[in-house]
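What follows is one structure encoded as structure tokens, with my remarks underneath.
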Amino acid sequence: MLRIVRRIVQSGYLTLVLSFLYALLMAWAAPGFATLANATNIVDAMLPLLIVATGQTIVLMTAGIDLSATAIIALTSVVGAWIVTGDDGLLAEHPAATPIAILCMLLVGSLVGLGNGMCIAWVKMPPFIVTLSTMMLVSGLSEWMTQSRSIYNLPDSFLFFGKNIGVAFAIAVVVAISGQLLLTRTWLGASLKHIGSNPATARTSGIQIERGILATYAISGCCAAIASLLITAQLETGSPVQWENNLLDIIGATVIGGTSLFGGRANVAWTACGVLLLTLIDNSLNLLNLSHFSIMMAKGGVILLAAWLDTLRNRWEQQ
Amino acid sequence: MNQPLLRLRDIGKSFFGNPVLQNISFEMQAGQTIGLVGENGAGKSTLMNILGGVLAPDSGDMELFGNTYCPDSPRASARAGIAFIHQELNLFPNLSVAENLFLSHFPKKLAWINRSELHKRSQELLARVGLDISPGTKVQSLSAGQRQLVEIAKALGEEARLIILDEPTTSLTDHEVRKLFRLLRELQSQQVSMIYISHALGDVKELCDRILVLRDGQVVADKMAADLQIPDMIRLMVGRQLDRLFPESKSQPGESIVLEANRISQPGVVHEISFQLRAGEVLGLAGLMGSGRTELARILFGLEPMAEGELRLLGEPVQRLSVSQRINKGMAMLTESRRVDGLCTQDSALANLTMVVAKKFTSRLGWIRRRSLHSSASQMAEAVRLNLAEGMNQAVCTLSGGNQQKVVLGKWLLNKPKLLILDEPTRGIDVGAKFEIYALIDQLACEGAGILVISSEIDELMGICDRILVMSQGELKDELQSREFNRERILKSALHADAIWEGDV
């Protein structure tokens, strides 16, 4: 019996099964859950979360963590909107405004991530405190740049990435699949796994730990910027508090999927399942007209449960 | 005769079916100091761990002050009055001396720690061990010798009836050693009982009333110190004959030099080490724990810094290269502890086997050519006779020690090394797997690689090496060609016992 339980808990797709069962339950319990319009809502909500969680998954592979992801989303949202907005934007009405804005967003996201990586890889500071400080620094910067005002009046060419669910879907799938291929099929991904499993062994085996860590945080920052593009376009707003409250969703989705906080065990496909389950919970509880607070409490409980499962798996592996 | 302080009867202990201790019996009187000597692996640590409540004996019984003594934890042994002073000290460096001294029994006033009482009693204890420091000093600011004295003060504070000292002098300076001995003599005059474990045979003979010699888990001699000369001690420690545990060597040292070390120094670690290693040669490095042998290996591989000296691999200077660059040049190293930095134990055999070589199977875009990588990993698994019940994806932590070591070896062999450094290649693995590993080493030497083997087991080195270097206190003390191999000479050089040897034997 215990062995069967272990098998299920240790398999990466426990979350997928749970999501399916949960969706069945809610199709019966929550009015308006099983409709096409709601399915679109769910996918819409999943896409940016999947993108940013892919970056987080890659960071978690090395036993790191990126708490600055949401702050990078806000900063790049502000940067992008600032360039393209019709209200006095840097390149307002310019035909190349949108591509330049997107490039700048990606660049800013990657650079902030690279900054995290440098502090962690070279200065050897703990990822937790580095990315937490970055979160505060970057959030403050976004607020200062905009004087806490949101930026509206974005051009249609920019909003295209949010309005057209097909494009958004394609972007998210490309990011997730690239992330998965990076982790499973490339030398960098193999190195990251070794760094997360046992950094001392990685070092004696000639793996360049610093380079790997730099890359993961830059990738995570870049993923946050891509997510920010989708979110900003969806909401038609560049906001310095964009996604401020969603940090735990990002880390939670990866952990619910089965990626380990202890490093060495990460998988983007699992993360996609975690994103699905978390989004389903969010969406269905909303439909049941539960308050914002009770939804937060429910999600917090689920994430705690997932972290407990992670600890359990880790202990079994050590036996 | 009055009642003995401690009596052991027929203590036995096995690990995985290998007897480590057999029929250990001895008793000691209160106020006596017993010396315990033996080679690495003779069973000293196991015996002391049994006394200290870390391990339970499989058979036999113990009495302390006439009462049955069977501690189930280190705490229980401390409560019974046994204080253990380990090689690696057990103080908290971030706490003050006083806090360390009274960690388990702070003087209290209601629920509060009575600071003034703590201070006063700490001062008394420090005075007893002759340490002139303030009780408020943080332990991290003390020297190794001072910490040792604090440990002893702690034992006195806990009113220990028996103090066990395990290699207390290894990290001390000469001056500190003399100070420690003065204190131990004083404690002897106060009728404190002690067990003193050391490789420094001269110290043991000088300090102890009685000496026990342990070999292969048995007491081979139990004599008064006055009746046991140092050469006899060494002979008793070495004892057995070499049996046929080793494959016949087919390799022959060639002409070309693989590795040339020139006056390598790192302050406090190694001093002016120079040697050459030829292609096809198996070179042994003997030495006791703490002699600097592991540190030297880590310096050669680039894991630890080196202050001075020159290192050439196949004629090319490599001392400035990083670990990964050295690996690319053909260096490989099996580290002392495979769990710590040899394996990723939670990952699969495949992932571990390919972790060094995968880089070579990577296209310019960073893609791993999986199929050819996997097939060479499978070939290697066969070549090292890896026994995988569940196939290549079996997690390494589920493998036996021998198979784990073969994974580490296979990981390096896949990279076709020109220099292979092996630090304790057969630690904790069974006899069969040992034989296979020796054969693999010989095969690699036949293919022209230079091999440096570090081992605590002198037999092993004599069985597989073409030449043996002996290290002691960070320096090379001796070099033996295969025709000169002699356990006693190696042990003598490793113990650095020249001064007290008197030139006989």
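Bear in mind these aren't lab numbers, they're just calculated from the coordinates by the rules spelled out. Here the structure is a predicted model, which is why all the values come from computation and not from measurement. Cβ atoms come from the backbone with ideal geometry, glycine included; neighbour counts cover every protein chain shown.
Side notes on the structure shown:
- Summarised in one figure, the compactness ratio Rg/Rh of the range A:1-144, Cα atoms and Kirkwood Rh, is 1.10.
- Residues of type lysines that residue A:299 reaches as a straight line, Cα spacing below 29 Å, ignoring anything fewer than 8 places off in the same chain: A:163, A:193
- Three-way shape call for chain A based on the alpha-carbon gyration tensor, with the a/c threshold at 1.5: oblate
- The range B:364-454: relative contact order as a whole-number percent, Cα under 8 Å and 6+ apart: 29 percent
- Computed over chain B: relative contact order in percent, which uses C-alpha pairs under 8 Å that are six or more apart: 15 percent
- With 20 Å bins from 0: P(r) over the protein assembly as shown, alpha-carbon pairs, percent: 13, 35, 33, 16, 3, 0
- Rounded to the nearest 500, the helix-only mean residue ellipticity at 222 nm of chain A stands at -25500 deg cm²/dmol, with each DSSP H run of n ≥ 4 adding -39,500 (n - 2.57).
- Rounded if a/c under 1.5, otherwise prolate or oblate - the range B:149-304, Cα gyration tensor axes: oblate
- Antiparallel DSSP beta bridges within chain B, percent to nearest 5: 55 percent
- Listed by chain and number, the lysines whose alpha-carbon sits under 18 Å from that of residue B:44, ignoring those within fewer than 8 places in the same chain, are B:13, B:205, B:223.
- Reducing the range B:287-351 and the range A:1-67 to their Cα centroids gives an inter-centroid distance of 44 Å.
- For the range B:235-307, the list of trypsin sites (Lys or Arg not before Pro) that fall in a loop by DSSP and count at most 14 other C-beta atoms within 10 angstrom reads B:240, B:244, B:250.
- Set against the 2.2 N^0.38 Å expectation for a compact globular protein, chain B has a Cα radius of gyration ratio of 1.08.
- Rounded to the nearest 10 degrees, the inclination of helix B:401-413 to the longest alpha-carbon principal axis of chain B is 40 degrees.
- Averaging Cα coordinates gives a centre for the range A:234-263 and one for the range B:195-273; these two points are 60 Å apart.
- Within the protein assembly as shown, percent of DSSP bridges classed antiparallel, to nearest 5: 60 percent
- Partners of residue B:108 within straight-line reach, counting aspartates and glutamates whose Cα lies under 13 Å from its Cα and excluding those fewer than 8 residues away in the same chain: B:99, B:117.
- Largest-first principal axis extents, alpha carbons of the range B:105-184, Å: 44, 28, 18
- Cross-link pairs beyond the 18 Å C-alpha cut-off, checked among B:406/B:434; B:359/B:411; B:359/B:416; B:250/B:329: B:250/B:329
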